[in-house]
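K.L.:
Sharing a structure with you now.
Quick note: the coordinates plus some simple rules give every number you see, no bench work behind them. Because the structure is predicted, anything quoted here is derived from the model rather than measured. Virtual Cβ from ideal backbone geometry, glycine too; neighbours counted across all protein chains shown.
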Amino acid sequence: MPSRRTLISAALAGLITPAQAPPLTEWEAFKVRFLHPDGRVVDTGNGGVSHTEGQGWGLLFAATFDDPVAFKAILDWTTRTLRRSRDALHSWRYVPSAANQVPDTNNATDGDLFIAMALSRAARRWSRPDYALTAAAITQDVLRLLVRHTGSWTLLLPGVKGFETQQTFTLNPSYYAFPALQELATRTRDPLWSTVRTDGLTLMRDGRFGRWMLPPDWLQISRKDGTLEPASGWPSRFSYDAIRVPLYLTWTRQMHPAVDAAFQAYWAEQSPILPSWVDVVTGATAPYAAPPGILAVSKLSVTSPMVSNIPVDFPSVATAPDYYSAALILLARIAWQESRQPG
């Protein structure tokens, strides 16, 4: 049997197909390309910045693939560099080339959720009560600082600042990280998590628009009457953010039949060349093809856990043009495995 080093080298060189590369090898390839020795996950598609999304996913990958050394490095860098002083949340972005490398101390909710999820899983896997305590602190501050109530809705804001006015709330559907919500609800047993999850699933069902009835990257809800529409100030696209909606819903087996039907119709109609985005208002599509990470999510979505247990031939980390695409590939692999587990 070839060694792990040989498999990693072959994967990076494109000498083996994604189906031949085991998931662990894909994580090792991700580390080679995107993880600095100090624990910083580098977003190569955005000028080499780092952010809590990438740090949270890196922690999740390390916990999933039983890599406590990488986990500790990522956690230490994240805590040292991004942890906010006034609560348990994290500043969302690190810019290595800037004089002030953390120029914005606002958080990103999905990043904090995945950091807490990864800590919770690591606490269980490696018997680390200190990780559990840190996860609990983040969880409590997410509920304290980021949940809002309006009319019949309980909402999860994308960040502490900048997403609410006297008239509206602005939401990011992909920040409803349902695998993390599920993990944290089980750990804390706070009933508010159940309400956030339930209302989030309703938003995923009702906040869809256009010919294909797809979710936008950014969603706006009226305080007055709860009306949903694509958020002003952002392109009205199903794109690089909203692609995580089918990822997370398939992962947790919480896809509503109508939502699933809409995604299946869209994937089928766009085959064999899936565009990078579609405007949910005008129906216009990107003039360029989707990267491998988006293709990985579409492959996951069309392979329902109730239909087939045949392994999916996902794209490989080696084919990914940048960090984000590679991360989506690894997330889709994990989602495929976990969506087929009983319970």
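K.L.:
Compute the length gained on full extension between Gln166 and Asp190: take 0.36 nm times their separation in residues and subtract their Cα-Cα distance, giving the result in nm to one decimal. Could you put the intermediate results ahead of the total?
P.N.:
Values: separation 24, 0.36 × 24 = 8.64 nm, distance 2.86 nm.
That works out to 5.8 nm of additional length.
K.L.:
Compute a Gaussian network model of the chain, connecting alpha carbons closer than 10 Å, and tell me which residue from Arg223, Arg86, Arg33 fluctuates the most.
P.N.:
Result for the chain, Cα springs under 10 Å: Arg86 fluctuates most.
K.L.:
Need one number: the % of Cα-Cα pairs in the range 191-278 sitting beyond the 18 Å mark. Write down the numbers at each step before the final one.
P.N.:
Working: 1730 of 3828 pairs.
When all Cα pairs of the range 191-278 are counted, 45 percent exceed 18 Å.
K.L.:
Hey, which lysines would be in cross-link range of Lys72, C-alpha to C-alpha under 23 Å, not counting anything within fewer than 8 residues on its own chain?
P.N.:
Lys31
K.L.:
Say R0 is 45 Å: what FRET efficiency, to the nearest 0.05, do Val312 and His36 get from their beta-carbon distance?
P.N.:
On the way: r = 30 Å, r/R0 = 0.67.
Between Val312 and His36 the formula returns 0.90.
K.L.:
Once you put a point 7 Å from the Cα of Leu133 and another 7 Å from the Cα of Tyr288, both along the Cβ direction, what distance in nm separates them?
P.N.:
Between Leu133 and Tyr288, the label points sit 4.8 nm apart.
K.L.:
Take Gln101, project a point 7 Å from its Cα along the Cβ direction, then tell me which residues of the range 55-93 have their backbone nitrogen under 13 Å from it.
P.N.:
It comes to 77-83, 93, nothing else.
K.L.:
Can you give me the distance in nm between label points at Thr202 and Gln341, each placed 7 Å from the Cα along the Cα-to-Cβ direction?
P.N.:
Roughly 3.0 nm, to one decimal.
K.L.:
Tell me which label goes with the value of percent of Cα pairs over 29 Å apart computed from the coordinates here: (1) 47; (2) 34; (3) 37.
P.N.:
So the calculated entry is the one marked (3).
K.L.:
Same structure again: Round to a whole angstrom and tell me the spacing of the C-alpha centers of the range 41-101 and the range 163-237.
P.N.:
One Cα centre to the other: 25 Å.
K.L.:
Roughly how big is the range 110-177's charge dipole about its Cα centre, with Cβ charges of +1 (Lys, Arg) and -1 (Asp, Glu), in debye to the nearest 20?
P.N.:
On the way: 7 positive and 5 negative charges, 48 e Å.
The calculation lands at about 240 debye.
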